[in-house]
Amino acid sequence: MTASPAATGDGGRLAVVLGPSDDLRAEIFVRGWPPRGVGAVRLGGTLTGPRCRWASTLPVVVRLASAAAASDAALARAVLTEPSYWTPELPNLYRLEANLVDGERTLATFDLPVGLRRLGVRGRSFWLDGRRWVPRGIGLAAGACRLSLLREGSLAAAVVDPELELCAEADEIGVPIIGLLPESGDAANPGEALARITAWAPHPSVVLAVMPLGAGTALAAAVGAAIRPVQGTLLLGQAVDGSLPPPTHVAEGVACLVVRLAANVLPDGAWRARAPKLPLVAWREDGGDATTGRRGCDRLQAELAAWGLADGAAHPAWEWAGYVVS
């Protein structure tokens with residue numbers, strides 16, 4: 001998990017990264033960059049929690065301990081025993097209160113929620129908190145996201161350029177967000193994509209950042225390289241046209257493909273045998289909304305299962321990693 005919140009004081013920047021972790025212990029590293037022109041600084045503070053809207057847990061307070069740091073930043077470390085991780089079912093959050101100090105002068109203070117999310121890829125699947133996770137989502141305009149309904153349906157929200165207020169609310173409620181980079185405009189360059197993904201990365205609800213259709217391999221590779229220091233466990237996806245054969249090359253840094261399909265369309269048959277060996281999320285135009293999205297995802301899953309057996313195989317060669325309808 002990575003965070004770069006605004007600070008109060010003379011400025012500065014903070015990043016929070018989940019280090020080695022398991023069910024019994026988690027290491028959290030906090031790095032603070034001072035304003036320009038300021039030399040060596042120290043970083044201190046506390047991590048308090050967890051708190052969760054849907055469960056009650058006795059909170060603990062852990063102090064940040066100074067650690068070795070680069071010349072341009074301060075580094076601190078906290079160790080949590082029996083940590084509570086963020087999942088959609090139990091969206092646990094901690095409170096980080098930190099100070100950047102230059103001698104006796106406090107340069108900046110930070111007060112922010114932190115979600116510890118264990119999200120990654122194994123083979124063709126997503127894994128969240130130690131188990132296979134198959135997201136099912138609905139494509140929505142940001143203003144149409146009724147998060148309470150999405151949570152009731154165990155649905156993710158796929159949103160173009162989600163606002164940070166929506167992400168913060170999803171953090172609390174426990175609704176995964178698939179953040180879509182806009183298909184046109186400044187987001188087509190790595191700098192703008194980096195700015196957006198840097199803003200999303202502190203939010204444990206934002207699980208995927210997806211490059212749009214038409215973004216070439218070179219752009220995807222550039223974005224993948226640029227976001228590496230800030231993305232934490234946020235995964236980068238690339239949208240591709242499922243009516244065409246699968247791409248022969250996937251850019252380094254892209255963790256999954258989002259296979260876009262028009263209404264009532266199934267993927268090109270070449271996907272059965274030549275699909276890239278990474279998670280594939282099927283996304284089809286379906287006309288659904290938050291109340292019908294789960295049924296739409298189930299219908300898409302059933303049709304794709306039948307499509308996978310169309311060549312006479314006893315079982316599909318691989319399984320889809322997720323389903324989205326819109």
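The values are calculated or read from the model by the stated rules, or taken from the named source; none is laboratory data. It should be emphasised that the depicted structure is a prediction, and the values quoted were computed from it without experimental measurement. With ideal geometry, Cβ positions are generated from the backbone for all residues, glycine too; neighbour counts draw on all protein chains shown.
So here's what we get for this one:
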read-out	value
Members of the range 126-143 that are within 20 Å of Leu180 (Cα to Cα) and touching a residue at least 40 places away in the same chain (Cβ under 8 Å)	Phe126, Val134, Pro135, Arg136, Gly137, Ile138, Gly139, Leu140
Options Val101, Val61; residue that is of a type outside the set (Gly, Ala, Ser), surrounded by 15 or more Cβ atoms within 10 Å (Cβ to Cβ) and either out of contact with any Pro (no Cβ under 8 Å at 6 or more places or on another chain) or more than 24 Å from Val206 (Cα to Cα) (or both)	Val101
Thr106, sole failed condition from (1) hydroxyl-bearing (Ser, Thr, Tyr); (2) more than 26 Å from Arg51 (Cα to Cα); (3) surrounded by 18 or more Cβ atoms within 10 Å (Cβ to Cβ)	(3)
Filter result for Gly293 (under 27 Å from Arg122 (Cβ atoms) and at pLDDT below 95)	yes
Candidates Ala225, Ala221, filtered to the one that is farther than 23 Å from Arg124 by Cβ and either in contact (Cβ under 8 Å) with a residue 12 or more places away in the chain or in contact with a helix residue (DSSP H, G or I) (Cβ under 7 Å, 6 or more places away or on another chain) (or both)	Ala225
Criterion (more than 18 Å from Val250 (Cα to Cα), surrounded by fewer than 21 Cβ atoms within 10 Å (Cβ to Cβ), at pLDDT 95 or above and among the aliphatic types (A, V, I, L, M)) met by exactly one of Ile178, Ile173	Ile173
Any helices (runs of 4 or more DSSP H) falling wholly within the range 87-202 and containing at least 1 residues that are among the acidic types (Asp, Glu) and closer than 30 Å to Leu278 by Cβ	164-173, 190-200
Single unsatisfied condition, Arg136 versus (1) farther than 16 Å from Gly293 by Cα; (2) in contact with a Phe, Trp or Tyr (Cβ under 8 Å, 6 or more places away or on another chain); (3) among the basic types (Lys, Arg)	(1)
Number of the condition not met by Arg299 [criteria: (1) in contact (Cβ under 8 Å) with a residue 40 or more places away in the chain; (2) crowded, with 16+ Cβ neighbours inside 10 Å; (3) closer than 26 Å to Ser148 by Cα]	(1)
Condition check for Arg284: among the basic types (Lys, Arg), over 30 Å from Arg151 (Cβ atoms) and either in the same structural domain as Arg13 (by TED's automatic domain parsing) or touching a residue at least 24 places away in the same chain (Cβ under 8 Å) (or both)	no
Any chance Ala193 is surrounded by fewer than 21 Cβ atoms within 10 Å (Cβ to Cβ) and aliphatic (A, V, I, L, M)	no
All strands (runs of 3 or more DSSP E) inside the range 245-326 with 3 or more residues being under 21 Å from Gly153 (Cα atoms)	280-284, 322-325
All positions within the range 1-36 that are in a loop (DSSP other than H, G, I, E, B) and at pLDDT 85 or above	Asp22, Asp23, Leu24
Boolean, Gly39 is among the small types (Gly, Ala, Ser) and modelled with pLDDT of 90 or more	no
Criterion: among the β-branched types (Val, Ile, Thr) and under 20 Å from Phe29 (Cα atoms) - qualifying residue of Val134, Val114	Val114
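For (1) in contact with a strand residue (DSSP E or B) (Cβ under 8 Å, 6 or more places away or on another chain); (2) outside the structural domain of Leu261 (by TED's automatic domain parsing), each residue gets a yes or a no:
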| site | (1), (2) |
| --- | --- |
| Leu96 | yes, yes |
| Arg105 | no, yes |
| Phe126 | yes, no |
| Gly130 | no, no |
| Ile138 | yes, no |
